[in-house]
Each structure stands twice: as structure tokens, then as C-alpha cells.
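Student: This is the structure, below, for whatever I ask next.
The values are calculated or read from the model by the stated rules, or taken from the named source; none is laboratory data. This structure is a prediction, so every number in the text was calculated from the model and none was measured. FYI the Cβ positions are ideal-geometry reconstructions off the backbone, even for glycines, and counts take in every protein chain you see.
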């Protein structure tokens, strides 16, 4: 698929899994002219150069964003405010400023805090990723068929802003994604249940399993094919990114965690009292959800996620 | 790989995902002479015939197990006792009787209850599976590199029994699996943390997500690629099989669930009070577990379980 050029110069600040994937696909599809990579890590910068992922690579944010008509912040959510502050004075008038953070409320505030008036700040979140990190982990097809949620500023009603939002949506569609516009608060609740709570639960069960008396860590790993191994994937995600998410989306996470815990207590009682029919009802109901996820193109229909492919 | 014939006639009672996979690999590797399929479902029996998975297909347990030197019970764990009772009078003297149930304490008791004295009862559990069910879901490579745990009767010290255990272990190795012998009680605790609790948590979070006020089921499915979709896989497992497991392994499941809940409460407090360092410590520690699971050959090293293979 070819798409016309949408931005002349894109600066990506934070060139990890997501940032480097945006750069790869944007170049492949020709939706941007020039790509500037900004990363604080010297090791990352060396890899970006070696992989030839950008037209220019720098560790200096102001230098990197100068002259860019699209700036994508792809750093951990608690680092967004500082990155924006470092960029602010160098931003080109009329530039579109977006991000890829998994929390939108606190990030929208952090970006707004130091943004000049003459740019368009449009927070965003591509719901895509893997458990790996760094510029080597990215790949061009990461966003293919996935959703990108944009959370534009409700307070800005000028047509130029609406135009900038439409342009950013075209950019993401050009990268293979589907685009949805959403209210910041609703985004943070939706993601708390579809992403943040799943990660919290996965981190927790892996922690519990590795500390359990009577079962060694070796046994847990050896016999993990009965289900446990699934959880180890997201529990292997970047620790800094996820620490920041739980701090930044505390309220919504605690809300859905409260609901999860209530439901788990009810399930615990059903097991204790042998209420087999109630268990069967829940286990039947949950089957339908996976069919829906597959039907919406968000999951492989192959058994075991296709991880046994080649085996049969 | 070729293996010599180990049993002359294998009867598999319950020809679903696991039962049909045992039959497929046993025939492929030539470790059994003849295969008799026993299944209570007429629909299943038709599929077994159509797929040509057995030498003979019957709905009658006694008829099916007659003359077999290996009987494999592959029905839901709470159905094991009844299946064994139906088979007992027809079992050939000296036959080895095993099962593939995910709980061993209650199954060992259920099998022993009606077993004649002149057979060798050796409960077993292959730690392998997918979220799919039925004879069509099975495949020959399911056990490849996976662990099979045998829990022989501690009380039987006769050399003939030890020989029967060794022979059954050879059978499973011939099917591509690795074999471990374990105490019944320890098995049930190990599996409670590596398989039963993960399923319980997955069923629970899918239930919570589909009932959450303020977020529609459609949104949950649409934006599931941020982590939630992983959980939908095991929450799509067979409802009857899993209802039985939680009833049959109640004590161990409630024990590990108690530990999980304690840890989750601690994590909840850390989020509430913004104890970012403690979160980061846990998230760093859990990364190592996945590396161990992969190193032990129990998981794909590819990002996202390899579900995006072909994409990059």
C-alpha cells in the first residue's frame, strides 16, 4: 500500500520498541519525508545508526525537534513532561505534537504544561506492542490492523486544530492502523481494564509463583505449559514503562482492580462451597469473548496463539 | 524418530483434544499396535471414524477396554471414577491403567476405588494442551518436549508395578514427552500454581471486563491487543474440564489463591501510595522467569508468542 507524504519532517523522541516501529513503517509507507531520531541512550543511538532507521540521530531534544512538522514523544509516561519542556522552545510554529503513551490524562496535562500556543498538541496511543524493548525490537508491521486512540483537547474548537487531528489520523492510517477519537478519561478507564490490569495481574502471579513455599522456581518454569507461561510474556515487559503507567493511571487502575478482586472473592467462595454450576456458567460465558476478539481481527485464531505453528 | 512397539492394544477412553492427540502420536511413532477409541458422544465417534484415528470406535467402555494392555482415561476429572467403574470388570489382567487428568489426588482415589487387584493403576498428567476441544483439535506433536508427570502408588512396592511404571514412562517418551515421577500431593500443589490459578485468574478477568460499567464488551474486545487478549485464550478452555478441576483440587487452589490475593493487596497498596521503586523491583524480577521458561524449552522465544509471525 502506498500513501502520499503527510508530514515533511518527523522527529521521534524516544526510539524504543514503539518509536522505532513508527519510524520503520513511516519510512516504508512514505508518509513522512525525513526522520529525526532523538534518544538519550548512547547505546540506542549507536543501534539506530547501525540499523539505518533515521536520517539523523541526536541525543539533544531541542536540536532533534527543530523544524519538524510532526513530533512524536515515545518515552515512558512520567518522562513526557520533561521531554516536552526540553523541546518547547525549539518547536516549529504549526507543528503537530503527539505521543504514544499508555495513559492519556496525566500525559495530556504534562504535554500541555509547557507547550507553546502555536503548536497542535494531540495526545495519542497506539494499542500495539510486544514484551521486548529498544530500537532492535521494533518492526514496521507492529501497527497493522491495531487501533490508535487519539484524545484531542476538547477545549480547542478552532478549525485548524480539527484539521491537525484529521491529518494525524491520516498519518496513523497510513501506518496501517485504525483510528478512534476518545475522551481522555474514558481512554484511561478502557485501558485500565484492557491493558493495565492484565499486566498487573500477570506481574503479580509471576511474583507469587516465584515466592511460593513448597514449589521451587525451577518447577514453576518447567511445568509452565499448563497456563502459567502465557502470563510470563506480559510480565516480561519493560519495568520502567509499566512502573510509570501504574503511577500515572492510579485511580482507574485501583477502580478496576477493586472490581476484579470482588469478582475473584465470589469465585473463591464458589470453589470453597463446590458451586459447580456457577463456575461452569462463567467459564462458558468467557469463551464468547475470545471469539469476539478474533472476529475483530485483534488476535490469531490459531490454537496456542500459533506458538506451536510448524508443529502441526 | 522411531520407537519400538510398547503396548499391543491401547484403549483411549474420552477422545477429545488430549485423547485424540495421544492416539495420533502413538500411531505415528508405532508405540502401540492397535488403537481402540471410546467416546460417549456420537458426534465425536463420527469424527473419529471420519478422521481415521482409531482401529475401532465404540461408545461402550467395557467393550472398548477389553483385551487392552494400556487403558488411557482422558475424560474430565470428575468423570474418571465412573469411567473406571464401567471398565473394571472388562480389564485384562496385567493391564496398565493410566489417565491424563489435571488433578491427581482425587483422580488416584477415584481410579483405585473400583480397580481390580490384577491391574497396574498409574495416574498421569501430560502438561500440554490448547484452548480447543474435541477430536478435531488434537495433533500428534502436542506432547513434543512437554512434561508428563506420573504419580505412581507409593504403597505398591512390587517389582512388577515398578516395571509397569517404567514401561508407561517409555511410552510417553516414545510420544515425544519428557517424564517426571512425583508425589500426588506435590503434583496438585505445583499444578495449582502453574495451571489452575492462571486459568482461574484468566476466567475472572474476562468476566470482570465483560461486566464492567462504563466500558462496553465491544470496547474490551476492540482494544484487547494491549494485554487483555492474552487472557482470553485460556479463558476459552473447555468449561466442563475446568469446572471439574476446581472442584477436584479445591484445597490447593484456595491455598495458592490466598497467596496471590495477599500479594495483589500489597501491590494495590504500592500503587495507592506511589511506591514506584517497589513496583519497579517486582517488574524487573518477573522478567527473569520468562527467560527461564524459554531456556527450558517450554515457550517460544518469539515476541508476542510468535502470533505476529509472517508480519515481520
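Student: Does residue A:222 count as touching a strand residue (DSSP E or B) at 6+ places or on another chain (Cβ under 9 Å), at pLDDT 95 or above and in the same structural domain as residue A:193 (by TED's automatic domain parsing)?
Tutor: yes
Student: Can you find a residue in segment B:241-256 that is more than 8 Å from chain A (Cβ to nearest Cβ), in a helix (DSSP H, G or I) and closer than 17 Å to residue A:257 by Cα?
Tutor: No, there is no match, as no residue in segment B:241-256 is more than 8 Å from chain A (Cβ to nearest Cβ), in a helix (DSSP H, G or I) and closer than 17 Å to residue A:257 by Cα.
Student: For segment A:104-135, which positions are touching a strand residue (DSSP E or B) at 6+ places or on another chain (Cβ under 7 Å), in contact (Cβ under 8 Å) with a residue 40 or more places away in the chain and either surrounded by fewer than 23 Cβ atoms within 10 Å (Cβ to Cβ) or not in a loop (DSSP other than H, G, I, E, B) (or both)?
Tutor: A:107, A:112, A:120, A:124, A:125, A:126
Student: Being crowded, with 23+ Cβ neighbours inside 10 Å, within 14 Å of another protein chain (Cβ to nearest Cβ) and closer than 30 Å to residue A:52 by Cβ: is that true of residue A:138 here?
Tutor: Considered against the rule, which asks whether it is crowded, with 23+ Cβ neighbours inside 10 Å, within 14 Å of another protein chain (Cβ to nearest Cβ) and closer than 30 Å to residue A:52 by Cβ, residue A:138 comes out as yes.
Student: Moving to a separate point now. Among (1) more than 27 Å from residue B:154 (Cβ to Cβ); (2) assigned by TED's automatic domain parsing to the domain that holds residue B:139; (3) buried (at least 24 other Cβ atoms within 10 Å of the Cβ), which single condition is residue B:175 missing?
Tutor: (1)
Student: With segment A:149-219 as the region, which helices (runs of 4 or more DSSP H) entirely inside it contain at least 3 residues that are more than 9 Å from chain B (Cβ to nearest Cβ), modelled with pLDDT of 95 or more and within 17 Å of the chain's Cα centre (by Cα)? Write out each step before concluding.
Tutor: Values: elements: A:159-174, A:184-191, A:197-211.
In segment A:149-219, A:159-174, A:184-191 are the helices (runs of 4 or more DSSP H) which contain 3 or more residues that are more than 9 Å from chain B (Cβ to nearest Cβ), modelled with pLDDT of 95 or more and within 17 Å of the chain's Cα centre (by Cα).
Student: Give the residues of segment A:57-80 that are under 19 Å from residue A:139 (Cα atoms) and more than 21 Å from the chain's Cα centre (by Cα), sorted by residue number.
Tutor: Within segment A:57-80, just A:57 meets the criteria.
Student: Would segment A:259-272 turn up any residue that is under 24 Å from the mean Cα position of the chain (by Cα) and within 7 Å of chain B (Cβ to nearest Cβ)?
Tutor: Scanning segment A:259-272 turns up at least one residue that is under 24 Å from the mean Cα position of the chain (by Cα) and within 7 Å of chain B (Cβ to nearest Cβ).
Student: Still on this structure, I have one more. What about residue A:237, is it out of contact with any strand residue (DSSP E or B) (no Cβ under 6 Å at 6 or more places or on another chain), more than 7 Å from chain B (Cβ to nearest Cβ) and outside any helix (DSSP H, G or I)?
Tutor: Values: out of contact with any strand residue (DSSP E or B) (no Cβ under 6 Å at 6 or more places or on another chain): yes; more than 7 Å from chain B (Cβ to nearest Cβ): yes; outside any helix (DSSP H, G or I): yes.
Answer is yes for this residue.
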